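K.L.:
This is the structure, below, for whatever I ask next.
Nothing in this text is a laboratory measurement; each read-out follows from the coordinates by a stated rule. Every value quoted in this text rests on a predicted model; they were computed, and no experiment measured them. For neighbour counting, all protein chains shown are included, and Cβ atoms are generated from backbone atoms with ideal geometry for every residue, glycine included.
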Amino acid sequence: MIHFISKRLKHSLVLLFLASVVCFTLVVSAPGNVAVLIAELRGAVAVPGYVAQVAEEIGLNKPLLMRYVDWLGDAVTGDFGISYRTGQAVSADLPQRMMVTGTLIAGSALIATLLSLLLGFLGAFWPYKLPDRVSRGLALIGASTPTFFVGALMIYGFSVTFQLFPSFGFNGPISWVLPWLTVAVLPAAVLSRVVRVGLEEAMTSPYVLTAKSKGLGRTAILFREALPNITPVFINALGTQVGLMTATGIIVEPLFAWQGVGDYFLAGVRFRDFMVVQACLLIFLTFFIVVNLVVDLAVLMTDPRIRRQWS
Amino acid sequence: MDKLNPLFARLNKFPRAALIVICLFVALGTFAPWLAPQDPSAQNLLEGSAGPSAAHWLGTDHLGRDTLSRLIIAANTSLVSVGSVLIIAMTIGILMGTIAGYHRGWVDDLLMRVVDVGLSVPSLIVALAVIGIVGPGYWTMVLALALAWWPMSGRISRAVAVSIMSKPHIEALRVLGASPWRIYFGHLLPGTIGAVMVYATADAGTAALAVATLSFLGLGIQPPTPEWGQMLVDALPYLESDPRQVILPGLALTAAVIGFNTLGEAIALNRIPKPLTRRMLAIRRIEVAGWGKENSDA
């Protein structure tokens, strides 16, 4: 158990190191002279002398390895440098933005879990009957509809036509509903298939036959025998989907005027503000690595077979 | 003709609705310039945001451009960019995959680690990071998406290449003294390309989605070139007064993606040997559902 955890932790640290190298090289290899950009930003015309001064100031003349160490040291303490566009610290409102994105992902993950379990169980309860076909059809449509189209439909349906929820803003739970639903559609569709297929697979296994011969009903078997068995698979798939939600957030946050990390990343990409792109990318990659670690531990907790293997 | 019969037999097993949608999409995309009833960029501000009429079957957008023509031309835009993305991505993926499958050893390990990392980061984030560094533009978009897409075909072609390399005829060739070049270009590469092409078709749906998403974000295909995602974002400010212009391109895109996704699932299921029991089908399905998460235990 402890061996497993320490092994995963080491693995995650290596991945974190690689992620930081990728983020660093991305910006270093960007075309154009950073010093000129900053010199122009400060209002001065980019005179060669001033550019050289700026280059000296931000450490462009140091060897690459030194620059990497400096940058990493700053990044670890939450200092991501200065935005090329605004001239302000990149990290100024990052905590606030991370909270917004966190709210989005947490709520959507919860909704996706509940919806997918509902749809998956409906299908498994009446396999190849009408509820199964409906849930399968919903999953296909949900997995194929572009997120931005889902968002537009949500706004049109719930905000313009019925005026139930506000169409933009981040003020209170009422305004969170539409973005949550929009982000949750795709993962719910994918996960419902995982649940449905996993349950069907579990229902063909010998222990279910044993349970049947003992006289257990279908409901009891589904919930008591099959559900614990698909939990590890489900958690694994959920982890992947939560990772993907960061990408969905990039689309959904601007649509609902949420000032999250995804929105920040997109703005950075639009204005080629490398420092913002770099900071957000590092946050995303760190998030994936942490999610993967948590998923591995959760699978360890829920799957006695793996637990035995490592103890 | 005899060579085509197995192909038809295979096609018959695919869901007909998906095939129809895909054929329609490809036909529309290929012949769009001749099919569009009107000039897609001809503006007529007096007839802006009009409903369906004899002149404009699906109405007009806020600039008075004919929506039907724009939807049809958008299929062309989408088809061309998806084609370029997949061709570039598959070229990189097949090269990397066959090299890994041919050499094995540390080359294989290294390339597959790269593929694992590439697969574990959402493709949208990879593509946006590339665009953020290089700057927006049509070819940047295509290259960025290809960079985000190649790991998938890389992994598949590596698996195919490994299975081809373990077949007896490769060993026989070695014994006969065939050069590595002959084995690679004469036997390994052609075999892999065929297998990967099938998967690429199934992947076209997600690629079309990615092109539309980037265009929606304003970083892909630029106006006035019609593209579904870009048409949608263009009409979004008028959602309240003219929802049709938002819903039509969205529906067109969704239909295309559903077609490709259904085909993809059919391809994945079709590869099981007969007779096909329900249990085997279930196992195969779990495998398919697990494709996305494979990388998490890398």
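K.L.:
What spacing in nm lies between the two simple spin-label points modelled at residue A:29 and residue B:55, each 7 Å away from Cα in the Cβ direction?
P.N.:
Placing both labels 7 Å along Cα→Cβ, they lie 5.4 nm apart.
K.L.:
Continuing with the same structure: Consider all pairwise Cα distances in segment A:68-146 and report the whole-number % of them above 20 Å.
P.N.:
59 percent
K.L.:
On to the next question. Binning at 10 angstrom from zero up to the longest distance, how are the C-alpha pair distances of the protein assembly as shown distributed in percent?
P.N.:
3, 14, 24, 26, 20, 10, 3, 0, 0
K.L.:
What does the average come to when, for each residue of peptide B:233-243, you count the partner chain Cβ atoms lying within 10 Å of its Cβ?
P.N.:
Per residue, the average neighbour count from other chains is 3.
K.L.:
What residue among A:278, A:245, A:233 has its Cα farthest toward the positive end of the dipole of segment A:217-298, where the charges are +1 on Lys, Arg and -1 on Asp, Glu, each on the Cβ?
P.N.:
The residue sitting farthest along the positive end of the dipole is A:233.
K.L.:
Other chains' Cβ within 10 Å of B:246-258 residues: what's the mean?
P.N.:
So the per-residue partner count for this stretch is 4.
K.L.:
Relative to the present Cα-Cα distance, how much length would full extension add between residue A:298 and residue A:130 at 0.36 nm per residue of separation?
P.N.:
This chain segment gains 57.1 nm when fully extended.
K.L.:
Among A:78-90, A:113-125, B:40-52, how do they line up by average Cβ neighbours within 10 Å per residue, starting with the highest?
P.N.:
A:113-125, A:78-90, B:40-52
K.L.:
To continue, here is another question. Could you give the nm distance between label points at residue A:64 and residue A:86, where each point is 7 Å from its Cα heading toward the beta carbon?
P.N.:
Those two pseudo-labels are separated by 3.2 nm.
K.L.:
Grab the protein assembly as shown and count how many Lys pairs have their alpha-carbon atoms under 24 Å apart, sequence gap of 8 or more, or different chains.
P.N.:
Total qualifying Lys-Lys pairs in the protein assembly as shown comes to 9.
K.L.:
Might you report the magnitude of the Cβ-based charge dipole of segment A:1-152 about its Cα centre, with Lys and Arg at +1 and Asp and Glu at -1, to the nearest 20 debye?
P.N.:
On the way: 11 positive and 8 negative charges, 155 e Å.
Once rounded to the nearest 20, the dipole reads 740 debye.
K.L.:
Report the one residue of B:120, B:75, B:97 whose Cα lies farthest in the direction of the positive end of the charge dipole of segment B:64-131 (charges on C-beta: Lys and Arg +1, Asp and Glu -1; origin at the Cα centre).
P.N.:
It is B:75.
K.L.:
Go from 0 up to the bin containing the longest alpha carbon distance in segment A:66-202, width 5 Å each, and give me the % of pairs per bin.
P.N.:
2, 9, 13, 14, 13, 11, 11, 9, 7, 5, 3, 1, 0
K.L.:
While we're on this one: So which residue, out of A:129, A:62, A:214, gets the largest mean-square fluctuation from a GNM of chain A using Cα contacts under 10 Å as springs?
P.N.:
A:214
K.L.:
Further question: If you average the C-alpha positions of segment A:172-186 and of segment B:189-267 separately, how far apart do those two centres end up, in angstrom?
P.N.:
Rounded to whole Å, the Cα centres lie 23 Å apart.
K.L.:
Still on this structure: What's the local net charge at residue A:119, with K and R +1, D and E -1, over the other residues with C-beta under 13 Å away?
P.N.:
It works out to a net charge of +3.
K.L.:
If you put +1 on each Lys and Arg Cβ and -1 on each Asp and Glu Cβ, how big is the dipole of the protein assembly as shown around its Cα centre, in Debye rounded to 20?
P.N.:
2640 debye
K.L.:
Suppose every Lys and Arg Cβ carries +1 and every Asp and Glu Cβ carries -1, with no other charges. What dipole size does chain A come out with about its Cα centre, to the nearest 20 debye? Spell out each step's value before the answer.
P.N.:
Details: 22 positive and 16 negative charges, 270 e Å.
In total the dipole reaches around 1300 debye.
K.L.:
Now a separate question. From the square roots a ≥ b ≥ c of the eigenvalues of the alpha-carbon gyration tensor of chain A, which class results: rounded (a/c under 1.5), prolate (a/b over b/c), or oblate?
P.N.:
Since a/c reaches 1.5 but b/c is at least a/b, the shape of chain A is classed as oblate.
K.L.:
Next question, about the same structure. Once Lys and Arg get +1 and Asp and Glu get -1 on their Cβ, which of B:230, B:185, B:64 lies farthest toward the positive end of the dipole of the protein assembly as shown?
P.N.:
Of the listed residues, the answer is B:185.
K.L.:
When the helices in chain A are scored as -39500 (n - 2.57) per DSSP H run of 4 or longer and the sum is shared across all residues, what 222 nm value do you end up with, to the nearest 500 deg cm²/dmol?
P.N.:
Here the helix-only value at 222 nm equals -24500 deg cm²/dmol.
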